[in-house]
Structure formats: C-alpha cells, structure tokens
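**Q** To start, I am sharing the structure in question, which I have written as structure tokens.
The values are calculated or read from the model by the stated rules, or taken from the named source; none is laboratory data. Quick caveat, the model's predicted, so the values are computed rather than measured. Cβ atoms come from the backbone with ideal geometry, glycine included; neighbour counts cover every protein chain shown. What goes into the accessible areas is simple: the full protein's heavy atoms, side chains included, and nothing from ligands, DNA or RNA. Shrake-Rupley method; radii C 1.70, N 1.55, O 1.52, S 1.80 Å.
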Amino acid sequence: MKRTEIKTLLQRTDYGSTINVKGWVRTKRSSKNVAFIAMNDGSTLNNVQIVVEMNEENDKLLNRIHTGASLSVDGILAESMGSGQKVEVQSQTIEILGEANPDEYPLQPKKHSLEFLREKAYLRFRTSTFSAVARVRHAMIFAIHQFFNDRGFYNIHTPIITGSDAEGAGEMFQVTTLDLEHLPKNPDGTIDYKNDFFGKAANLTVSGQLEGELAALALSNIYTFGPTFRAENSNTTRHLAEFWMIEPEMAFYDLTDNMDLAEDLLKYVVKYGLDHCKEDLEFLSNRLQDEEKNKKAEERSMELIEKLKFVLDEPFARVTYTEAIDILMSSKPNKKQQFQYVIEGWGADLQSEHERYLVEKHFKRPVILTDYPASIKAFYMKQNEDGKTVRAMDILFPQIGEIVGGSQREESYEKLYAKIKELNIPESTMWWYLDTRKFGTVPHSGFGLGFERLILFMTGMTNIRDVIPFPRTPLNLEF
Ligand code: 4AD
Ligand code: MG
C-alpha cells in the first residue's frame, strides 16, 4: 500500500479507509486492552496516534517497540475520540522496520536539555524542537529565493575557495594540499606555495560579496546565498565558524535604496514564516515561554509571535552611528558603568550589549545604523565627504544585535586604490576587483544577512548552535 505522510493523514476525513503510515515512535502507552503509539515522520510537528488491540501476537510485537523504533503500519483511518487530534489509525498490521534498544537509544520520551541534545546532534532532528526549527529554516530559505525571484534578482554561485580576503579581517581557514609535516620553504623562510594545489595560498571564503559585485556590475541585481567561513575564535551564542549568508548586490542603488531593500526582505520573510509555519512557531513560542517561566518578568523575552508581528508593524528606526553614540553616552547603563564595555566616545566599536540597548530599550524596534567610522569598517565601503565615516549600514534586531551588515560600495578607483594601499591589502589578490572601478564603474550597494541569526530571531532559540543542523564552532567538529 502507498504510504500517506502524517501531515496529509491528519487532514483526511475519509474515515474507514485503509491506509499505510510510516514513521518513528515517539511514545508508547499500554493498558489492558489496547496500546497507543504516538508516531512522527517529520512531515509535521504533530504525531499520529496508532491504536493497537492487545492480543497474543501484538503483545509480542509491542515488547519490541520502543521510543525511536521505525514502523510501517497498515490500518483503518478512524475518527479520534481522544482530545487533541481528529484522526487516529486503528492498526491491522504493524511491521517493525528498525528496532531501537531502549538501553542504548539516547533520547527518552521526556524533555531533554538543549545542551544534551547538542551532544546528540545526530539524532536531535527526532525531537519536536529540532524538527520545528528545521522546517522553519526550510521555509525561510524558500521565502528568500521567492523574494528575490519576484523582484528579478539573479542567484549567483560565488566561489567557496578563494585567494582573497573579502572582509580584510584575516579570519580565514586555509585550504591546502601541501604536506603540513614537510612544508616547502622560500629562501627567506616563508612558505613556498608554488607546489600547492592552486600554486598560491587559498582560503575558504568569508563572504561572496566581491564576486557578487562583479556580477551586479553586469546583471544589475544579483544575490548569493552560500556558506561562509570565519576562523574567529569567538565562542558566543551568536557566532559560528561556518554559517550561511544571503548577499544581494545591486548596481545603481544608493544607501537608502539598500536599506529599503533590506527592510523589505526582512519583513517579507518574517511574514512568510508567520503565514506558513504557524504550528511550528506556536510550538516554539510555548517552548520559549516554558524555558523562561523561572525568569524575572523584566528578563523574559517578548512572546515569539507577538515579537515577529511587531517587526512587521513598525518602520525600522534609521539613525547614524554618531547619533547612536550620543544616545549611548548619555544612557543610564553607560553612565552607571553597567555595560561590560563602557562607551568612551566617538570611534568606539559597538558590542552587542550596545546594539541591544538601542533596539530593546531606546527605540523599541529594529534599528538601522548608518555612517560608521571608516576605521571600524571594511575597505570597500564608500567614503563619506567628511573623510571620517563610510556609507555603512548595520541592521540591529531585538535579542540578536547585528543581523545585517552592508554598505554602499566605493566606486572611485582612486579612493579604493588608496584605501587598499593604506591597509596593506596585497594588490595581487585584489586587482580584478579594482579593475571594475576602471571599466564602467557605477554607484552600487549590497548587504549580507546572516541566515542563522535570522533563524534565531524567527524561532526564539537563544543559541546559534541550535538553529543549524551541524554547528561548527571552536573545538567542535563531531558530526
Ligand atoms: O557584517 P558582515 O561581516 O558583512 C559581510 O560579510 C559583508 N561582506 C556583507 C555584504 O555587504 N555583502 O557579515 C554579515 C552578516 C552579519 O550581519 C551577521 O548577521 C552574519 O553575517 N555573521 C555571522 N553569523 C554567524 N556567525 C558568524 N561568525 C557571523 N559573522 C557574521
Ligand atoms: Mg558586520
């Protein structure tokens, strides 16, 4: 018999039909005359209840069925008398596809901590929380492609292995086929890369932006959506060594156009999630409230769905870095030295505590900060006339801090060249990027949206390790 997915099955009303359903056992409950098996196949958050009549044959079978086992069940679709669900399956034949020994299977039919599940990441898709996050993650990917496709943007695959450092921050993972035990050296003691795979040093990319710009300077509107890698040793709840980033790049866009697009994108995908992931979001909202029930009222986060709707309703606040510094300098936590990093004055880099203060306490909505000091931003950003600031924009979100980083790009060859020299960026890795400013340069802009930070926001999860299936963080490479 053809299998029906549980999501479809739970919506059917043709009671009395014979069906086949397959999945993994979540719980088993037996009484004298009948046993109930809650089974899930990941197609939905909800389980289907399998009702098994107790007789000698089923008794033996039920003794082998435990949490985690996989089953194929033939039975009759029936209206459920119990609360919670409309339908259940009255089993006729149960085939055990794979047993799960309860003495060995790590997941119990009870609530596990997220820390425990991180250590069992190879099985955590089998929990309601992680399957809900996986489904929301999928919906977000789909919404992002839909958003750009509807607006005539072309998706570009930018390279993963690169010879340049797009952010100039030197936080790259090296890629090599050289024998690390016997490295070939130049006379001056430096490593000789001539015999390395590419004949020169190579790294995993930190951003697809530079190549994205090349495409935008011909196709006008493009976006990349790829994995990016950063060897920054920041063991925080918001940093991964391998994360996914959405990077649109648009010819003829100035900073305002760029901000408008980013705000539209964020609102579009949040709305898409609310419209398409209702069940999963409600589950995640309850999970969060449960998690926070012992916290003091002022430390609790906003209810998840309320928070998502809140982002849709209000225009994001748009302020300059300079204005933000003034606000922070005269803020209570700065004056009372309650920030871990007290802001001493203009030029300070903002930490996530400052970003969250601006969003959660001061403006009480998402904030777009613009025109940062050049000294704390990447080399490619368009220089302002004041000689001090650049046309940068970061979008700050509640609980997350920075979710988007972007800018108008420097389109003047002379200014960009001077900057690259000033920062000692090797011209040999950047000549092609510079060339675009010689051949038909145009004003253009773009930004990067951190996909996992978006999923943190959407799901109310609090650790970035819990919104990507297999997190890569310092000293963590198990699965
Ligand atoms: O601000 P970032 O470093 O900007 C860029 O890479 C630009 N090239 C983007 C562009 O203009 N095309 O990174 C962009 C976003 C951040 O705002 C943040 O959401 C996310 O990427 N991000 C990280 N997410 C998880 N783990 C990390 N280590 C991250 N670093 C940045
Ligand atoms: Mg940034």
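**Q** Per residue, what accessible area does the chain have, given a 1.4 Å probe and all protein chains present, in Å²?
**A** The answer is 49 Å² per residue.
**Q** Please report, to two decimal places, log10 I(q)/I(0) for segment 6-110 at q = 0.13 Å⁻¹ as given by the Debye formula with identical point scatterers on the Cα atoms and no solvent.
**A** Taken in order of the listed q values, log10 I(q)/I(0) reads -0.42.
**Q** Determine the shape class of the chain: with a ≥ b ≥ c the square roots of the Cα gyration tensor eigenvalues, call it rounded for a/c under 1.5, and otherwise prolate if a/b is greater than b/c, oblate otherwise.
**A** Verdict is prolate for the chain.
**Q** What aspartates and glutamates does K382 reach when the alpha-carbon gap must be under 17 Å and sequence neighbours fewer than 8 apart in one chain are set aside?
**A** E167, E213, E249, D254, D257, D371, D394, E410, E411, E414, E422, D435
**Q** Quick one: which of K295/K361; K111/K296; K111/K307; K271/K307 span more than 20 angstrom between C-alpha atoms?
**A** In this structure, K111/K296; K111/K307 exceed 20 Å between Cα atoms.
**Q** Taking a probe of 1.4 angstrom, what is the accessible area of E323 in Å², to the nearest 10?
**A** Approximately 90 Å² of E323 is accessible to the 1.4 Å probe.
**Q** Full extension from D257 to S30: what is 0.36 nm times the residue separation minus their Cα-Cα distance, to one decimal in nm?
**A** Using 0.36 nm per residue and subtracting the Cα-Cα distance, I get 75.5 nm.
**Q** Is the shape of segment 81-140 best called rounded, prolate or oblate, per the rule: a/c under 1.5 gives rounded, else a/b larger than b/c gives prolate, else oblate, with a ≥ b ≥ c the square roots of the Cα gyration tensor eigenvalues?
**A** oblate
**Q** For the modelled label position 7 Å from the Cα of K110 along Cα-to-Cβ, which residues of segment 24-54 have backbone nitrogen atoms closer than 17 Å?
**A** Residues passing the 17 Å test: 26-29.
**Q** Follow-up. With +1 on the Cβ of every Lys and Arg and -1 on the Cβ of every Asp and Glu, and nothing else charged, how large is the dipole of segment 6-110 about its Cα centre, in debye rounded to the nearest 20?
**A** Dipole magnitude for segment 6-110 comes out near 400 debye.
**Q** Quick check: with the 1.4 Å probe, what order do H354, H239 take by accessible area, largest first?
**A** Largest accessible area first, the list is H239, H354.
**Q** Between L178 and W346, what length in nm is gained on full extension when 0.36 nm per residue of separation is reduced by their alpha carbon distance?
**A** Fully extending the segment from L178 to W346 adds 55.9 nm.
**Q** Is the shape of segment 192-303 rounded, prolate or oblate, going by the alpha carbon gyration tensor and its root eigenvalues a ≥ b ≥ c, with a/c under 1.5 for rounded and a/b larger than b/c for prolate?
**A** oblate
**Q** I'd like the accessible area for D257, computed on protein heavy atoms only with a 1.4 Å probe and all protein chains in place. Round to 10 Å², please.
**A** The accessible area comes out at roughly 60 Å².
**Q** Counting only protein heavy atoms, what percent of the accessible surface of segment 6-110 is carbon or sulfur at a 1.4 Å probe?
**A** C and S fraction of accessible area: 45 percent.
**Q** On average, how much area does the Cα convex hull of segment 275-375 cover when viewed from any direction, in nm²?
**A** Across all orientations, segment 275-375 yields a mean hull projection of 8.1 nm².
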